[in-house]
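S.K.: I'd like to ask you about the structure that follows.
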Amino acid sequence: MTIARRSLTGERVGRLPASGIRRFFDLAAGTEGVISLGVGEPDFVTPDAFRNAAVRSIQEGKTQYTSNYGLLALREAIAEHTKQLRGVTYDPKGEILVTVGVSEAVDLALRATLNEGDEVILADPSYVAYLPAIVLAGGVPVPVPTTEASEFRLLPDDVRKAITPRTRAILLGFPNNPTGAVLRPEDVAGIAALAREHDLLVYSDEIYDRLVYGAPHRSILDEPGMQERTVYLAGFSKAYAMTGWRVGYACAPAEIIEQMMKIHQYTVMCVPTAAQYAALEAIRNGEADVRRMVAEYDARRKRMFERFNAMGLHCFEPRGAFYCFPNVSSTGLSDDVFCERLLLEEKVVVVPGNAFGDRGIGHIRACYAASMEKIDDACDRIERFVGRQRR
Ligand SMILES: Cc1ncc(COP(=O)(O)O)c(C=O)c1O
């Protein structure tokens, strides 16, 4: 008699595909002379003062767990920063949670608020982790297409059409990864009006809020009546060049933060203590570093976006984050084939747009958080590659 063997893994996670980005990093790893525009992370090393603060905390023996919510001094500094930046007040003692990057904050926000079958509206294309995180929290993702013609903005009229009696929330990620799109004030106002009208929550991932070029960032928190229905997510990885430290945070009504804290407490306890001290230094004294890096990204952004258009790969001007999202369909290659062959033939890593949703098909994501020299070299190689397709 044979006994049917049960699956070793759960169905929910089994149905999820692995990230379409990682495959390209694995392909590139270990190959000599590769230029990577693949990973979305600053090429800057974390500024000295932030690193020294972490070293100091270790030398002073601050090696224990912190509060589950995070160091109180860090929460107070986050409250002050958010007040300065967004003009809203959060209580550091109950409305702020320090998390393992914005990644954990997104996961906690969804798990703390969704019931089985709740629908969550999000832009297509969007950051790769959103859709799986919604599914793992028992929710149902409802991607709303954004288009190149509307500069990949999430338009209130399209959001309205996607709302059903099961809609629980809107997940906003602007400035957007992968497109570099930002929302206009009227988009944010329209989305906020829909949230109020239909009693929806908004999860607002504003990790790129400082990386904007030309126009100030417009937050959902700028809209009346939104603080009470928003889970505001922000962090240190991008603006402060601190990806490896793993520090982010969530600000929300105490009712939500309390539930998020429970999951955080039972899974990770707290963010590594030394990393919290580095973040504290960054948020207190890092403004000049942020401005210096943003000015550098802006110059690189212009260079890359102009180069793509000049070689005939149409690219709308990205106004936020650090990505260009050119359309490669004129080469006759799919985005997957484009990326694979570009890596093989010219040793440049970019990411196929389909990894971020169906509306990313036909595009590639190139990160300009690389030195100008590398951007120029990579663009020369891409131009050569594109030229060969057109012959
Ligand atoms: C939109 C967006 N949200 C969140 C994250 C995760 O950031 P963290 O390093 O803070 O976990 C990323 C990283 O690429 C991102 O692009």
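S.K.: Is it fair to say A54 is surrounded by 18 or more Cβ atoms within 10 Å (Cβ to Cβ), touching a residue at least 40 places away in the same chain (Cβ under 8 Å) and over 23 Å from the mean Cα position of the chain (by Cα)? Full working, then the answer.
M.R.: Values: surrounded by 18 or more Cβ atoms within 10 Å (Cβ to Cβ): yes; touching a residue at least 40 places away in the same chain (Cβ under 8 Å): yes; over 23 Å from the mean Cα position of the chain (by Cα): yes.
When the stated conditions are applied, A54 passes them.
S.K.: Evaluate region 162-172: report whether one residue or more is buried (at least 24 other Cβ atoms within 10 Å of the Cβ), within 11 Å of the ligand (Cβ to nearest atom) and outside any helix (DSSP H, G or I).
M.R.: Looking through region 162-172, at least one residue is buried (at least 24 other Cβ atoms within 10 Å of the Cβ), within 11 Å of the ligand (Cβ to nearest atom) and outside any helix (DSSP H, G or I).
S.K.: Sticking with this one: Looking at (1) modelled with pLDDT under 85; (2) more than 16 Å from the ligand (Cβ to nearest atom); (3) surrounded by fewer than 17 Cβ atoms within 10 Å (Cβ to Cβ); (4) under 24 Å from the mean Cα position of the chain (by Cα), find the lone condition where V13 falls short.
M.R.: Failing condition for V13: (1).
S.K.: Go through (1) small (G, A, S); (2) in a helix (DSSP H, G or I); (3) at pLDDT below 95 for G214 and report which single condition fails.
M.R.: (2)
Per-residue answers, yes or no, for (1) outside any helix (DSSP H, G or I); (2) out of contact with any Leu (no Cβ under 8 Å at 6 or more places or on another chain); (3) among the aliphatic types (A, V, I, L, M); (4) modelled with pLDDT under 95:
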| site | (1), (2), (3), (4) |
| --- | --- |
| Y232 | yes, no, no, no |
| A250 | yes, no, yes, no |
| I256 | no, yes, yes, no |
| K262 | no, yes, no, no |
| Q276 | no, no, no, no |
| I283 | no, no, yes, no |
| V290 | no, yes, yes, no |
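Yes/no per residue for (1) within 16 Å of the ligand (Cβ to nearest atom); (2) among the hydrophobic types (A, V, I, L, M, F, W, C):
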{"site": "Y208", "(1), (2)": "yes, no"}
{"site": "D222", "(1), (2)": "no, no"}
{"site": "R229", "(1), (2)": "no, no"}
{"site": "V247", "(1), (2)": "yes, yes"}
{"site": "D289", "(1), (2)": "no, no"}
{"site": "E296", "(1), (2)": "no, no"}
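S.K.: I would also like to ask the following. Out of all the residues in region 20-30, is one or more closer than 21 Å to V128 by Cα, within 16 Å of the ligand (Cβ to nearest atom) and assigned to a loop (DSSP other than H, G, I, E, B)?
M.R.: The answer is yes; a qualifying residue exists.
S.K.: Of everything in region 264-274, what is touching a strand residue (DSSP E or B) at 6+ places or on another chain (Cβ under 7 Å) and either more than 16 Å from the ligand (Cβ to nearest atom) or in a helix (DSSP H, G or I) (or both)? Give them in sequence order. Walk me through it before giving the result.
M.R.: Restricting attention to region 264-274, the residues satisfying the condition of being touching a strand residue (DSSP E or B) at 6+ places or on another chain (Cβ under 7 Å) are 264, 271.
Within region 264-274, just H264 meets the criteria.
S.K.: Would you check if there is a residue in region 185-200 being modelled with pLDDT of 95 or more and within 15 Å of the ligand (Cβ to nearest atom)? Talk me through it step by step, then tell me what you get.
M.R.: Initially, region 185-200 is screened for residues modelled with pLDDT of 95 or more, giving 185-200.
With within 15 Å of the ligand (Cβ to nearest atom) added as a condition, the list becomes none.
There is no residue in region 185-200 that is modelled with pLDDT of 95 or more and within 15 Å of the ligand (Cβ to nearest atom).
S.K.: Any idea which residue in region 234-248 is surrounded by the most Cβ atoms within 10 Å (Cβ to Cβ), counting only those that are outside any loop (DSSP other than H, G, I, E, B) and touching a helix residue (DSSP H, G or I) at 6+ places or on another chain (Cβ under 6 Å)?
M.R.: Step one: filter region 234-248 for residues outside any loop (DSSP other than H, G, I, E, B), giving 234-235, 243-245, 248.
Add one more test, that the residue is touching a helix residue (DSSP H, G or I) at 6+ places or on another chain (Cβ under 6 Å), and what stays is 235, 245, 248.
On the way: G235: 29, W245: 26, G248: 25.
So the residue we want is G235.
S.K.: Hey, another quick one. Could you tell me which numbered condition V202 fails, if it satisfies all but one of (1) of a type outside the set (D, E, K, R); (2) touching a residue at least 40 places away in the same chain (Cβ under 8 Å); (3) in contact with a Lys or Arg (Cβ under 7 Å, 6 or more places away or on another chain)?
M.R.: (2)
The values are calculated or read from the model by the stated rules, or taken from the named source; none is laboratory data. Note that the structure is a prediction, hence the values are computed from the model and not measured. Reconstructed Cβ throughout: ideal geometry from the backbone, glycine too, with neighbour counts over all protein chains shown.
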